Every structure is written in C-alpha cells, then in structure tokens.
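The values are calculated or read from the model by the stated rules, or taken from the named source; none is laboratory data. Source: prediction; values computed, not measured. Quick reminder, even Gly has a Cβ in these numbers, built from the backbone with ideal geometry, and neighbours come from all protein chains shown. These accessible areas exclude ligands, DNA and RNA; they are computed on the full protein's heavy atoms, side chains included. Shrake-Rupley method; radii C 1.70, N 1.55, O 1.52, S 1.80 Å.
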Amino acid sequence: MSIKTDCQNGDLPRVSEDVLSLQQSTPGLEHYRELHQCEEIREIRHRWPLLDAEPVPPHGFLRLALPGVHHSNVVLVTGVAGGAGATTVVAGLAARMQHSGRKVAVVDLSPGQDLHLHLGNRAEAGERGGKSHAEKVAPVLIRHSDRPACQQLPAQWLADCLSALPRDALDWVFIDCPWYLESAFHQANALAGRMLVVATAEPGAVHQIGQVFGNLLSGESPGGADIHLLINKVNMAIPLQRDLHALLHDSPPARLAPAEIPHDSRVANSLAKRGTIGDFYPDCEAAHSFRILADWLNESRIGHLETGS
C-alpha cells in the first residue's frame, strides 16, 4: 500500500494513524508490507480512496517526523558536563539491547565523535562471524563527522536521517548529544520520547545538574521527552560522593533512573579493548546496572504501546 502523489498533505498524519491503529490492534502484524493481506485494510481504503494497492517500501523508522511528535523508542542521552559518561551510557545500553535481541541504531552528535571506539570490537566481531556473531554485530551508527561540532546541523537533519532508516529494521535509537550544542540538541529533543541526563556524584555535580535542568525546564530547550537523571561513576567509598549521592536521592531535580552505574575501572578497560563492559565483564555490577536500565526501557516501551501513546 502506498500513497499517491495527489494525496493532500494534511491527510497524511490521519492515514498513518489509521494504519498504526490497525497494526497495534492486530496480533502479529508488524510491517506495512503485510497490510495488504488483511481484510481490515478494506475499511481504511474505503476511508482513504487515494491509497493504491502497491506495497510500501519498508522505509520510515519514525512514524511521523513532525514537530511535537515524540517517539518512545528514541532515547536522548546527554551529560551535565564533559566526562560525565554519556557516550559510555549510550554504548552500554545499545550493547545490552542487542544482547537481548533488539535491533539498535546509535547517533553520535558529540563533539569528540568517539562513540565508534566503544563499538569497534563489536563491528570487528561481526565481520569475523563465528559463535558470537549474532550478539556482537555492530549497531547502525549515524554520525555528523562531516560537519564540525561548532556548525549548526541543517534543519530536520536528524529527522531526515531517522526517517530514512527501514521501519522494520530497528527497535531502538540512542542519541548521544551534549545539551549545549543547541541546534543538534533541539533536533534530538524534538524527536526523543525519553531523555537520560547523566551526572556524577563528584564535586560541582549539584551546580552542573542545576544548570542543565534549569535550561531544560526554562523553555529554552523545547521538547516533550520524559526526563530522568542517571547517576554515573558512583563510588560509595568516598565520603563526599556518599553525601552528594544522598543529597541527589533526597532532593532529586527530576525523577531518578531505576539504577545508577557504579565506578568501575573495568569500564575504561573495556573501552581500551574497543568494546563495552557488558562485552568483557558481563557479571560485574556495572553491567548489571545496564541490564536493569535496558529492561526498564523495554518495559516502558511496552507500556506506551499498550496505551497507544
């Protein structure tokens, strides 16, 4: 089923809503190309006579790349400051999702453009094949490395990139983008259904967190993402970190993620080996935290689908 070129633009969202409603209400129906096999499509075709009978190419990961439409399977990860660990979080979540059978894309909008370093070992393993091929195939990587970080992204650049991805080829998209890169962050924030703000429990963290959330909640960064604070690199053996940790739990500036990631030197060791901690140390506490976070995102996504939001 595809849309003829003379279809009115204003009707496109309602056509998509009808199709999505059918997809969500029909068990086992996941892809547009299966729609022509369903009797219910006749009702939609009756209401929208400008639809023809040709299957739609499986394009369009985003349902509707329109302002104000947020996607529960797009997660924006941003750090309160450089070194907070946002890139490590993106790589760890992507790896965990893939380990559980999800298909993932990651978008690197950070100035350093070093997300690929975390994914290098997985890409090499995927090329070699073998027993670990299914688990270690590299996720789709989208970068803006051809544009200096100081330059603004073209309008709709991110939406166009995600819309071009095959609809049935991905389950999750994770975006690594600093909050202070205004053009890129606004584009990511306009699409994401959830935002993880990554912070550490180190000196200066409370001020940094306050600055970021003041910006996010001031209206200067429009968006409707569900925001959670994720505490990273927690070392409870350090008294000051214990105190800051307690403060963030007693008076959180936003809802806290269901797990926090402990300080673990093996995270850096994994990066040196061009991988994630889940690849090399799957039984450690930090890897367990990524499992909890991934399960939480998956369960939240199921809840969105069941409520139709």
Suppose we keep only residues that are out of contact with any helix residue (DSSP H, G or I) (no Cβ under 6 Å at 6 or more places or on another chain), touching a residue at least 60 places away in the same chain (Cβ under 8 Å) and of a type outside the set (Lys, Arg) within region 228-270. Which one would you say is farthest from Leu119 (Cα to Cα)?
Ala257
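Answer yes or no: is there a residue in region 120-137 that is at positive phi, at pLDDT below 90 and surrounded by fewer than 16 Cβ atoms within 10 Å (Cβ to Cβ). Write out each step before concluding.
Here is the first cut: in region 120-137, the residues at positive phi are 129-130.
From what's left, at pLDDT below 90: 129-130.
Narrowing further to those that are surrounded by fewer than 16 Cβ atoms within 10 Å (Cβ to Cβ): 129-130.
Within region 120-137 (the criterion being at positive phi, at pLDDT below 90 and surrounded by fewer than 16 Cβ atoms within 10 Å (Cβ to Cβ)), the answer is yes, since at least one residue qualifies.
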May I ask you to list the residues in region 159-210 that are of a type in the set (S, T, N, Q) and free of Cβ contacts under 8 Å to residues at least 60 places away in the same chain?
Ser183, Gln187
Report the residue count in region 173-191 for those that are more than 21 Å from Asp114 (Cβ to Cβ) and open to solvent by less than 30 Å² (accessible area, probe 1.4 Å).
2
Of all residues in region 237-270, count the ones that are touching a His at 6+ places or on another chain (Cβ under 7 Å) and open to solvent by 70 Å² or more (accessible area, probe 1.4 Å).
1
Residue list for region 196-211, filter: open to solvent by less than 20 Å² (accessible area, probe 1.4 Å) and touching a helix residue (DSSP H, G or I) at 6+ places or on another chain (Cβ under 7 Å):
Leu196, Val197, Val198, Ala199, Ala201, Ala205
I'd like to verify a number: residues in region 87-109 that are open to solvent by 10 Å² or more (accessible area, probe 1.4 Å) and part of a loop (DSSP other than H, G, I, E, B), how many?
4
